[in-house]
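Colleague: Below you'll find the structure I mean.
The values are calculated or read from the model by the stated rules, or taken from the named source; none is laboratory data. These numbers were taken from a predicted model, which means no experiment stands behind them. Neighbour counts run over all protein chains shown; Cβ positions are idealised from the backbone, glycine included. Side chains included, ligands, DNA and RNA excluded: accessible areas come from the protein's heavy atoms. Shrake-Rupley method; radii C 1.70, N 1.55, O 1.52, S 1.80 Å.
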Amino acid sequence: MPRPGVLAIQPYVPGKSSAPGVARIHKLSSNETPLGPSPKAIAAYQSVAAHLQDYPDGAATKLREAIGRAFGLDPARIVCGAGSDDLLNLLARAYLADGDEAIHTTHGFLVYPIATLGAGAKPVVAAEKNHTADVDAMLGAVTERTRIVFLANPNNPTGTYVPFDEVKRLHRGLPLRTLLVLDAAYAEYVRRNDYESGIELVATSENVVMCRTFSKVHGLAALRLGWMYGPAHMVDAVNRIRGPFNVNSAAIAAGIAAIEDVGHVERSTAHNAKWLAWLTEEIGKLGLAVTPSVANFVLIHFPHTGATAAQADKFLSTRGLILRQVGAYGLPHALRMSVGTEQANRLVVAALAEFLGRPATASHG
Ligand SMILES: Cc1ncc(COP(=O)(O)O)c(C=O)c1O
């Protein structure tokens, strides 16, 4: 028998990537970037093919140095992982014991309860307000058993964020024995003056860690690459328990090239800013509520009867438009759509208009 908690885990179901019988599909179900990775990252990845017999550098030194240069951080305070999923699980394993509690919010990222239960601890849910993490509810959920507070900022699947002042208030209210994990997987996309990914808080405290990913804006989801920035004592703990070669050579090479290609990141975030606003407006005009998002996806709310989310998903799938059902996140009446190419975005809005029986009047964007 696995340890207690393991069989209580609802297995993570990734976004669909095909629609039976449809030749041309637009996958908008996993928040992948429509621009793909930097061509320089692809070239770096390919160059590794000549060295597949060699183990990777287990410390990912050059990659940590590149991340350090890009963000002005000490590479010694960075740990790389096989996706930020790897790091979230390592943090849970390092800091949670049987009977401990870890807090996440109602519609928080599903890996948090999975990692918590997998470590033998108890996930505790803090209520959100308007699909947004609520600092008072999170602080109210803290007990003497709370060892971790997970905050996705911005959050997936809602796309909402918590301003830096509120994140600082959350941190101030936590006891030192409680670790604040700031998961900033979508940080590059955020264009708000009151947002901070977590670097400042990590740099000035002993119980905050920030996790980042190469899967989103850098377009390297297939390679599984993430990193965390934390206090020295936490870096030491995670380094002790991680796999000695948890990041592969292709990911290291492509990651360095990706983070150095600032122009590609700027093009990706500019594309996102333009189409995020367009989608929010055009889908709103169809009479569907869209949660205001600062990330690279939107949460679209459907009526509970009549034109439901499940029916919309089916209708869009027949046109090769694959969105994400988010019932597993407690949002059975919504669909999450990643910002796609111009073509995909326009196709979704037109298909939704048809589904709802509305005239298509989308502006040119
Ligand atoms: C909030 C959040 N954190 C972490 C991740 C995991 O990313 P990675 O691909 O680095 O494991 C995701 C991916 O969807 C996410 O939405």
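Colleague: In segment 320-365, what count of residues is obtained for those that are outside any helix (DSSP H, G or I), farther than 17 Å from L276 by Cα, at pLDDT below 95 and of a type outside the set (G, A, S)?
Modeller: Number of matching residues: 3.
Colleague: Being within 13 Å of the ligand (Cβ to nearest atom), in contact (Cβ under 8 Å) with a residue 60 or more places away in the chain and assigned to a helix (DSSP H, G or I) is the filter here; which residues of segment 63-91 pass it?
Modeller: Selection gives G83, S84, D85, D86, L87, L88, L90, L91.
Colleague: Any idea which of R64, R69, R93, R24 is among the basic types (K, R), modelled with pLDDT of 95 or more, farther than 28 Å from T143 by Cβ and open to solvent by 60 Å² or more (accessible area, probe 1.4 Å)?
Modeller: Working: R64 fails: open to solvent by 60 Å² or more (accessible area, probe 1.4 Å); R93 fails: farther than 28 Å from T143 by Cβ; R24 fails: modelled with pLDDT of 95 or more.
Being among the basic types (K, R), modelled with pLDDT of 95 or more, farther than 28 Å from T143 by Cβ and open to solvent by 60 Å² or more (accessible area, probe 1.4 Å) holds for just one of R64, R69, R93, R24, which is R69.
Colleague: If you check A222, A277, A307, A203, which single one turns out to be within 16 Å of the ligand (Cβ to nearest atom), surrounded by fewer than 20 Cβ atoms within 10 Å (Cβ to Cβ) and either modelled with pLDDT of 95 or more or closer than 29 Å to R346 by Cα (or both)?
Modeller: The conditions single out A222.
Yes/no per residue for (1) within 16 Å of the ligand (Cβ to nearest atom); (2) more than 18 Å from the chain's Cα centre (by Cα); (3) in contact (Cβ under 8 Å) with a residue 60 or more places away in the chain:
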{"site": "D134", "(1), (2), (3)": "no, yes, no"}
{"site": "A141", "(1), (2), (3)": "no, yes, no"}
{"site": "E144", "(1), (2), (3)": "no, yes, no"}
{"site": "A152", "(1), (2), (3)": "yes, no, no"}
{"site": "T158", "(1), (2), (3)": "yes, no, yes"}
{"site": "H171", "(1), (2), (3)": "no, yes, no"}
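Colleague: Restricting to segment 243-257, and then to whatever is more than 14 Å from the ligand (Cβ to nearest atom) and farther than 27 Å from T269 by Cβ, can you tell me which residue is surrounded by the fewest Cβ atoms within 10 Å (Cβ to Cβ)?
Modeller: Among residues in segment 243-257 that are more than 14 Å from the ligand (Cβ to nearest atom) and farther than 27 Å from T269 by Cβ, the one surrounded by the fewest Cβ atoms within 10 Å (Cβ to Cβ) is P244.
Colleague: Please determine, by comparing only the residues of segment 206-219 that are of a type in the set (D, E, K, R) and within 13 Å of the ligand (Cβ to nearest atom), which one is least open to solvent (accessible area, probe 1.4 Å).
Modeller: Looking at the filtered set, the residue picked out is R212.
Colleague: Let me ask something else. On the given criteria, is H233 modelled with pLDDT of 95 or more, assigned to a helix (DSSP H, G or I) and either open to solvent by 10 Å² or more (accessible area, probe 1.4 Å) or within 10 Å of the ligand (Cβ to nearest atom) (or both)?
Modeller: yes
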